[in-house]
Amino acid sequence: INVLFWFYSREIRAQWLNVPPVPSKLSAVSPTLGDEQFAARIISMMLQNLGNTGGRTTAVKDYDFEKLADWMILHYSLDPHSSLTPYMAAYYFGASQDPTKIRPVIDYLRLVGNSPEGEKWRWLAQAIYLARFKLNDLHLALNMAKELEAIPNNDMPSWTKRMSVNILNQQGEKEAALNLMMSILQDKADKLHPNEVNAMVAYICEQILDLDEAK
């Protein structure tokens, strides 16, 4: 029986059926006996490992971004204080090889970034960057820039209050990206986790600047 089963199954490989359907909030917390923090952490782990099935990896551009954003919104409803999922949205899913698909991710970052809590405004700034230079949607970027300027957070750096002007000036993508990232580091690096600071420095050196500029 084992030999016959081997002949039958030897060519079968695990297949990824794309992003799974999003459960209700009640269904998400039921396996964790109502512990929303535990459920949120399970979802964040799932999001980190999406597409890695049967020893294979899937390009981010092939994800179902509508369902992906729904999962992230569910995570936000369970843990609105976490920066892990917005971090993945901004720097991982937002870097999709097909920028035309990232609008749901931008909508999620817009939702999170409109919170006046702590450093959440940074995610709205990232949403503005993605809308402006990945989607080339100047109208959406300008609307979000006005939302950023209106957030009642006195600890935000001064450049956030003139973001709409910067968009209207239509800076080059490289310059705008560098200014955004450098401004965050210069103003808030001492308040960020060292891992995030290192990741931002690496992003600047490897994604925005060429080799000579990075040196």
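The values are calculated or read from the model by the stated rules, or taken from the named source; none is laboratory data. All of these numbers come straight from a predicted model, not from anything done at the bench. Positions of Cβ are backbone-derived with ideal geometry, glycine not excepted, and every protein chain shown enters the neighbour counts. Ligands, DNA and RNA are stripped out before the accessible areas are found, and what is left, the full protein with its side chains, is counted by its heavy atoms. Shrake-Rupley method; radii C 1.70, N 1.55, O 1.52, S 1.80 Å.
For S158, are the conditions met, namely being touching a residue at least 12 places away in the same chain (Cβ under 8 Å) and polar (S, T, N, Q)? Can you show your working first?
Working: touching a residue at least 12 places away in the same chain (Cβ under 8 Å): no; polar (S, T, N, Q): yes.
Here the answer is no, as S158 does not meet what is asked.
Just for helices (runs of 4 or more DSSP H) wholly inside the stretch 124-215: which have at least 3 residues that are of a type in the set (A, V, I, L, M, F, W, C)? First the steps, then the outcome.
On the way: elements: 138-150, 163-169, 173-188, 194-203, 211-214.
It comes to 138-150, 163-169, 173-188, 194-203.
Looking at this structure, is L47 closer than 21 Å to L109 by Cβ and at pLDDT 90 or above? Show your work before the answer.
Values: closer than 21 Å to L109 by Cβ: yes; at pLDDT 90 or above: yes.
So L47 passes the test.
Cβ contacts < 8 Å: first residue more than 10 Å from I208 (Cβ to Cβ) and surrounded by fewer than 18 Cβ atoms within 10 Å (Cβ to Cβ), restricted to the stretch 163-180; second residue at pLDDT 65 or above and β-branched (V, I, T), any location; separation 6+ or different chain. Result?
none
Among R122, R132, which is the only one that is under 24 Å from F93 (Cα atoms), touching a residue at least 40 places away in the same chain (Cβ under 8 Å) and open to solvent by 30 Å² or more (accessible area, probe 1.4 Å)? It would help to see each step written out before you state the result.
Working: R122 fails: open to solvent by 30 Å² or more (accessible area, probe 1.4 Å).
One residue alone meets the criteria, R132.
Out of the residues in the stretch 99-119 that are part of a loop (DSSP other than H, G, I, E, B) and under 20 Å from P80 (Cα atoms), state the one that is least open to solvent (accessible area, probe 1.4 Å). Write out each step before concluding.
We begin by selecting, within the stretch 99-119, every residue part of a loop (DSSP other than H, G, I, E, B); these are 102, 114-119.
Filter once more, so that each one left must be under 20 Å from P80 (Cα atoms): 114-119.
Working: N114: 63, S115: 24, P116: 71, E117: 71, G118: 47, E119: 41 Å².
In this case the residue turns out to be S115.
With the requirement that a residue be more than 22 Å from N49 (Cβ to Cβ) and either outside any loop (DSSP other than H, G, I, E, B) or open to solvent by less than 100 Å² (accessible area, probe 1.4 Å) (or both), what does the stretch 1-23 give you? Walk me through it before giving the result.
First, the residues of the stretch 1-23 that are more than 22 Å from N49 (Cβ to Cβ): 1-11.
Within the stretch 1-23, N2, V3, L4, F5, W6, F7, Y8, S9 meet the criteria.
Scan the stretch 181-195 for residues that are within 17 Å of D155 (Cβ to Cβ) and surrounded by 11 or more Cβ atoms within 10 Å (Cβ to Cβ) and jot them down.
S183, I184, L185, D187, K188, A189, L192
Would you tally the residues in the stretch 77-89 being in contact with a Leu (Cβ under 7 Å, 6 or more places away or on another chain) and open to solvent by 40 Å² or more (accessible area, probe 1.4 Å)?
Quick first cut of the stretch 77-89, residues in contact with a Leu (Cβ under 7 Å, 6 or more places away or on another chain) only: 85-86, 88-89.
Of the ones still in play, those that are also open to solvent by 40 Å² or more (accessible area, probe 1.4 Å) are none.
Qualifying residue count, the stretch 77-89: 0.
Can you run down the residue pairs with Cβ atoms below 7 Å, 6 or more apart or on separate chains, where the first is in the stretch 189-215 and without any contact (Cβ under 8 Å) to a residue 60 or more places away in the chain and the partner is small (G, A, S)?
Listed by first residue and then by second, the contacts come to V197/A189; C205/A214; I208/A177.
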